[in-house]
Amino acid sequence: MLELAVVDRSKGHLEEFICESSIYLFPSPRRLLQRIAERCFHLKVLNLGHRFSADERDFIEACKYFPLLEVLDCVNTKFTEVGIESIGRSCPNLKHFGFRNNLLIQSQYEFNNSLALAVTKHMRGLH
């Protein structure tokens, strides 16, 4: 549980949490996000890499505690319009938002267009 120890030792002063390890060391994704939300009030960068997979609801709840967040990269999480809107409201300073929704079948193109529209509507500071 190296990630939890890093969060705990920061004593609220952690500004960047980047984990792109190819080794799966995480506790449960929900537990890690909760710990980061509880203790990292100055967080500006949250990059969880390809090995981290959490539910959209977990990100919505965690992001309520990150008003200073500028970078959110969570490529293995699927987001809906509601999630994008909520994160956009919670993190007004967001400049980078990385996520991946599957485009494997034709019917998902319309869904992904609505996600793109939600991003442009609720995350205006993205570069």
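When the residues of the stretch 20-51 are narrowed to those that are within 17 Å of Leu72 (Cα to Cα), in contact with a helix residue (DSSP H, G or I) (Cβ under 6 Å, 6 or more places away or on another chain) and of a type in the set (A, V, I, L, M, F, W, C), which ends up modelled with the lowest pLDDT?
Leu32
Please work out which residue is modelled with the lowest pLDDT, limiting yourself to the stretch 1-19 and to residues that are part of a loop (DSSP other than H, G, I, E, B) and of a type in the set (A, V, I, L, M, F, W, C).
The selected residue is Met1.
May I ask you to list the residues in the stretch 41-97 that are among the acidic types (Asp, Glu) and outside any loop (DSSP other than H, G, I, E, B)?
Glu56, Asp58, Glu61, Asp73, Glu81, Glu85
Which of the residues that make up the stretch 69-80 are out of contact with any helix residue (DSSP H, G or I) (no Cβ under 8 Å at 6 or more places or on another chain) and surrounded by 16 or more Cβ atoms within 10 Å (Cβ to Cβ)?
Glu70, Val71, Asp73
Evaluate the following for Val119: is it outside any loop (DSSP other than H, G, I, E, B), at pLDDT below 90 and surrounded by 13 or more Cβ atoms within 10 Å (Cβ to Cβ)? Spell out how you get there, then give the answer.
On the way: outside any loop (DSSP other than H, G, I, E, B): yes; at pLDDT below 90: yes; surrounded by 13 or more Cβ atoms within 10 Å (Cβ to Cβ): yes.
The answer is yes for Val119.
Among the listed residues His50, His42, identify the single one that is over 22 Å from Met123 (Cα atoms) and of a type outside the set (D, E, K, R).
Numbers: His42 fails: over 22 Å from Met123 (Cα atoms).
None of the other options fit; the residue is His50.
The values are calculated or read from the model by the stated rules, or taken from the named source; none is laboratory data. No experiment lies behind these values; they were computed from the predicted model shown. Positions of Cβ are generated from backbone atoms using ideal geometry, with glycine treated the same way; all protein chains shown enter the neighbour counts.
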